[in-house]
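J.: Got a structure for you, written out below as structure tokens; questions coming shortly.
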Amino acid sequence: WVASTVASARAGPLPRRGYRRPPVATATPTDPGLRRALEAILAPERILTDPIARIAWASDASFYRLIPQAVAQPDSIAEVQALLRLARNRGIPIAVRAGGTSLSGQAITDGILVDVGRHWRRLEVIDGGARVRAQPGVIGATVNAALKPYAAKMGPDPASIASCMIGGIVANNSSGMCCGVVENAYHTLESLVFVLADGTCIDTAAHDADARFHALAPALASGLLALKRRLEADHALVARIRAKYRRKNTTGYALNALLDHGDAVSIFRHLLVGSEGTLAFIAEATLRTVPDLPAKRTAMLAFATIGDAARAIAPLTQAGAAAIEIMDRAALRSVETNKGAPDWIAALGDGAAALLVEFHGRDAVEVDARLERAGPLLMELAPLHPARFTADAYEQAALWKIRKGMFPSVGAVRARGTSVILEDVCFPVDRLAPAIGDLQDLFRRHHYHDAIIFGHAKDGNLHFVVSQAFSDSGEIERYHRFVSELVELVVERYDGALKAEHGTGRNMAPFVEAEWGPEAYAVMCELKRLADPDGVLNPGVVINRDPRAHLKDLKPLPVVEDEVDKCIECGFCEAKCPSRDVSLTPRQRIVVRRERARLVGSGEDPALLASLEGAYGWHALDTCATDGLCASACPVDIDTGKLVKRLRAEAHSPFAQRVALSLARSFAAVEGGARLGMAVARGAG
């Protein structure tokens, strides 16, 4: 079944003769009837249907793009309920967007896009920091900042925690560098407030939650229990589910929920973790916290081969290492000239690798005792240099900056007009070394010469980064062949997971059945039908029968200005932007700029081009603070304010620029005149 499913997705090479790049979506006018229907639900200022807003919200951090018919910004559950009913009644897709840092296209739609990043930011620390309750628009780092006085933190620790939001963390079952499979969103979830596609709202913390669930959603509740019985009767499938969730896995729906829980509302609550907005709207989440151990010791260990590095993972895990990050030679090469990178990185051989290892403890005594016990082991592992674990916070931050800088390093040097693709897969830890070798061979065969591999070694979770053009049929065919062979490699050769922590998304939805098999996939399809019978909740994500869905709705990346061409549209800048609740964010300013360049280059839709140019001044230029805060969070060091300053200057006439320059050169005289004028005014008063 694996081979047949992959073969159906592959279905031979893309036709060369007469083939054209898939059409790029454009912002056709919003149906006035839809606008009127939305105005019956929301205040007009919280409905965005003008072309510039719809273009700005059409992209997330992935390489896909869909232009919404409208962006809705509800501020209450009642408004969400009405929006869901409207979508069902009109047969319009509806998707929820929190931080928009999704890497797999989960946060975009060509229907109604519901923005929860603006009005859903309520946060409450409860039980002395043992739990935290948050709405979906709360940034992950904000949660941890609130928990810091209690020496606690969230279990999930994604690398994007300073930008991603609770809604996305739960909806994607985000994990990260330390949480593994025991402290992720699924295992630390205590309760949810969710809204079903028909508007039914359930607070799972209520004492009568299961009874209400059965009363208000009887078909869904009874259907879940029937699926539970069906699964439990298939002992082979039960064993497969248990085995797969002992490792990181976010491919498809969380079938383990049907085995881990007995009542319908608990099953559904946990099915929503990792469901990517396809089963219900998550209005609030309560998570159990984990201790934030303050004492840390960090080191980067170099090894002669990737095999030597991989063989060190299990012993280091047993010794109590909290984090073990693996980096292949290409990944290390991408950062070896970065400020703060150890000199020895540049001298490593071609087959070398490194591990970033960190031990945690309640205090210095505890963490040093762990390191002392691990001392003989570290000598046996024979790294190329003696292990030096630092307690200095500055040095630790520098080491982690090296590791976290690997993704943007490829993005910063990629060819202009290409996308940067960050994927994550999971292999059995004891087979990690050959898996890395096979991945490297796959990159060579498909000419991804800039590919790098790094990841969370303790969990067998590898990330890889490649740059990819989608500008012509040859490039799209190359990506198509690469993904098809990647699926075969991960699923057939290693029985791994195609998605470990980034969510299934649009790029792996066609391959969920290939990984799970027809029986498990049939259960997932039934889950989707039960929860969303009209198919309006983020369709095409997780469940998608189109074998070529991953090749559609590809994001165009035309060349624009030098100041911002490196932008990978990750959205990390948005949390820092002072105008993010007023107009456009830095990412959105660049997104609109790129659409303008595409329209100019293609000559299509002059009316849309005129609309964008007419609106760009206020939305993108006049309201930008130009304070450089966006650059402080940008992984490729883009200061969008610099572009804005230049464009503002270019918008002024030569005469106005000469006057401004004259005033600037004579500022002392201008200031003196102003003082004199003020004095005269005071005297006159």
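Laboratory data are not the source of any read-out in this text; all were calculated from the coordinates shown. A quick note: this is a predicted structure, and the numbers were derived from the prediction, not measured. We place every Cβ from the backbone using ideal geometry, glycine too, and count neighbours over all the protein chains shown.
J.: Suppose each label sits 7 Å from its Cα in the direction of the beta carbon; what would the Glu475-His385 distance come out to in nanometres?
T.: With each label point 7 Å from Cα toward Cβ, the separation is 3.8 nm.
J.: What's the FRET efficiency of Arg445 with Arg675 using the Cβ-Cβ distance as r and R₀ = 51 Å, to the nearest 0.05? The partial results should precede the final answer.
T.: Numbers: r = 73 Å, r/R0 = 1.43.
Here the calculated transfer efficiency is 0.10.
J.: In addition: For the modelled label position 7 Å from the Cα of Ala625 along Cα-to-Cβ, which residues of segment 155-183 have backbone nitrogen atoms closer than 17 Å?
T.: 163
J.: How far apart, in nm, are two points set 7 Å out from the Cα along the Cα-to-Cβ line at Ala43 and at Glu190?
T.: 3.3 nm
J.: Quick one: check the C-alpha center-to-center distance for segment 124-186 versus segment 565-580, whole angstrom.
T.: 21 Å
J.: About the Cα centre of the chain, what is the dipole size in debye to 20, counting +1 per Lys and Arg Cβ and -1 per Asp and Glu Cβ, all else neutral? Can you show the working numbers first?
T.: Values: 80 positive and 79 negative charges, 220 e Å.
Dipole size: approximately 1060 debye.
J.: Here's something else I'd like to know. Got a sec to turn the phi values of segment 525-533 into Karplus ³J(HN,Hα) couplings, 6.51 cos²θ - 1.76 cosθ + 1.60 with θ = phi - 60°, whole Hz, x for Gly and Pro?
T.: So the Karplus estimates, Gly and Pro as x, are 4, 5, 4, 4, 5, 5, 7, 9, x Hz.
J.: Let me ask something additional. Using a 4.7 Å cut-off between beta carbons, which cysteines in the chain end up with no partner cysteine at all?
T.: If one checks each Cβ against the other cysteines of the chain, Cys164, Cys178, Cys179, Cys201, Cys426, Cys525, Cys567, Cys570, Cys577, Cys624, Cys634 turn up with nothing under 4.7 Å.
J.: I need the phi-derived Karplus couplings for segment 61-71: 6.51 cos²θ - 1.76 cosθ + 1.60, θ = phi - 60°, integer Hz, Gly and Pro marked x.
T.: After applying 6.51 cos²θ - 1.76 cosθ + 1.60, I find 7, 8, 9, 10, 8, 9, 8, x, 6, 7, 10 Hz.
J.: Also: So what's the gap between the Cα centers of segment 324-378 and segment 210-265, to the nearest angstrom?
T.: Using only Cα atoms to place each centre, the spacing works out to 40 Å.
J.: Just to check I understand the Karplus step: with θ = phi - 60° and J = 6.51 cos²θ - 1.76 cosθ + 1.60, what whole-Hz values come out for segment 74-79, glycine and proline as x?
T.: Listing the rounded values in order: x, 10, 8, 5, 4, 5 Hz.
J.: Same structure again: Search the structure for amide H atoms under 5 Å from the amide H of Ser419, placed 1.01 Å from N in the peptide plane, and list their residues when 5 or more places away or on another chain.
T.: Here Gln468, Ala469, Phe470 satisfy the definition.
J.: For Ala283, list long-range residues whose amide hydrogen, built 1.01 Å from N in the peptide plane, is under 5 Å from its own amide hydrogen.
T.: Residues meeting the criterion, in which the H sits 1.01 Å from N, are Val193, Phe194, Val195.
J.: Helix-only estimate, please: 222 nm mean residue ellipticity of the chain, summing -39500 (n - 2.57) across DSSP H runs of length 4 or more and dividing by its residues, to the nearest 500.
T.: Working: 29 runs with 283 residues, N = 685.
The helix contribution divided over the chain gives -12000 deg cm²/dmol.
J.: Once the convex hull of the C-alpha atoms of segment 367-488 is built, how many Å³ does it hold per residue, rounded to a whole number? Could you put the intermediate results ahead of the total?
T.: On the way: hull volume 16.1 nm³, N = 122.
About 132 Å³ per residue, rounded to a whole number.
J.: Starting from the Cα of Thr28, move 7 Å in the Cα-to-Cβ direction to define the label point; list residues of segment 45-68 whose amide nitrogen is under 20 Å from there.
T.: Only 48-59, 65-68 fall inside the zone, counting backbone N under 20 Å.
J.: Taking R0 as 22 Å, what's the FRET efficiency between Lys148 and Arg288 from their Cβ-Cβ distance, rounded to 0.05? Can you show the working numbers first?
T.: Values: r = 17 Å, r/R0 = 0.76.
Calculated value: 0.85.
J.: Continuing with the same structure: Expressed as a whole number of Å, what is the distance separating the alpha-carbon centroids of segment 58-101 and segment 595-614?
T.: A separation of 25 Å, based on Cα centres.
J.: How high is the FRET efficiency between Thr337 and Glu604 when r is their beta carbon distance and R₀ equals 51 Å, given to the nearest 0.05? Please report the intermediate quantities before stating the final value.
T.: Details: r = 42 Å, r/R0 = 0.82.
It comes out at approximately 0.75.
J.: P(r) for segment 443-551, please, calculated from all Cα pair distances in 5 Å bins and given in %.
T.: Reading upward from the zero bin: 2, 10, 18, 22, 20, 13, 9, 4, 1.
J.: Which is the longest part of the chain that has none of the GluC sites (Glu not before Pro) sitting in a DSSP loop with at most 15 other Cβ atoms within 10 Å? All intermediate terms of the calculation are to be shown ahead of the outcome.
T.: Values: sites that count: Glu561, Glu604.
Maximal segment without exposed cleavage sites: 1-560.
J.: Next question. Determine, at each q value in 0.09, 0.11 (inverse angstroms), the log₁₀ of I(q)/I(0) that the Debye formula gives when each Cα of the chain is one equal point scatterer.
T.: Computed log10 I(q)/I(0) values: -0.79, -1.18.
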